[in-house]
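Report on the structure given below.
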Amino acid sequence: MKPKISFITLGVADLERSRRFYVDGLGLPVRQPESPGVVFLDMGTMVLGLWGIEDLKADAGYASAAEGFRGVSLAHNVPSKEEVDAVIQQAVDAGATLIQPGHDAPWGGYTGYFADPDGHLWEIAWNPFMPDLAAE
């Protein structure tokens, strides 16, 4: 895995409140395209995502916060579906816990999740809508 974080996604209780805080309060620019239920903020070389905590939890396959979900995932975008699977396997081989294998995502990309040895959630994704974020 190349050392690059493409996204940090924060699971939030109230998306509109968080959007107001980050966009109106802190002045962070919204990255286009905007999508229903999620806000992408341009952070220069990466994106900060705001997503409802229940939606993020469900996307990762966590049934409840009691399982260790802390409302944050780190995302590493790669240039192909095949690389999603390869990076996830590399992480599992290195001691990560497989949370969700690579699969076609409802938003049009391909994604999977693993947790590092401390339980920090990583998403590995191929996102055809933001190819500039793919690791090179």
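Values for this structure:
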read-out: Cα-based helix-to-principal-axis angle, 81-93 vs the chain, degrees rounded to 10; value: 70
read-out: Cβ-placed point charges (K, R +1; D, E -1), dipole of the chain about Cα centre in debye, nearest 20; value: 300
read-out: Viscosity 0.890 mPa s, 25 °C: Kirkwood-radius Stokes-Einstein D of the chain over Cα pairs, µm²/s; value: 162
read-out: Cα centre as origin, Lys/Arg/Asp/Glu Cβ charges: segment 11-78 dipole, Debye; value: 140
read-out: Nonlocal amide H pairs with Asn77, under 5 Å, H built at 1.01 Å; value: Ser6, Phe7, Ala125, Ala135
read-out: Rough spin-label spacing in nm, given labels placed 7 Å along Cα→Cβ, for Asp132 and Gln90; value: 2.4
read-out: Segment Arg17-Val30, extension gain: residue separation times 0.36 nm, minus the distance between their alpha carbons; value: 3.2 nm
read-out: Virtual spin-label span in nm between Thr45 and Glu82, 7 Å along Cα→Cβ; value: 2.8
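Since every read-out is calculated from the coordinates, none of them should be taken as a lab result. Just so you know, these numbers come straight off a predicted model, no measurement behind them. All Cβ positions, glycine included, derive from the backbone under ideal geometry; neighbour counts span all protein chains shown.
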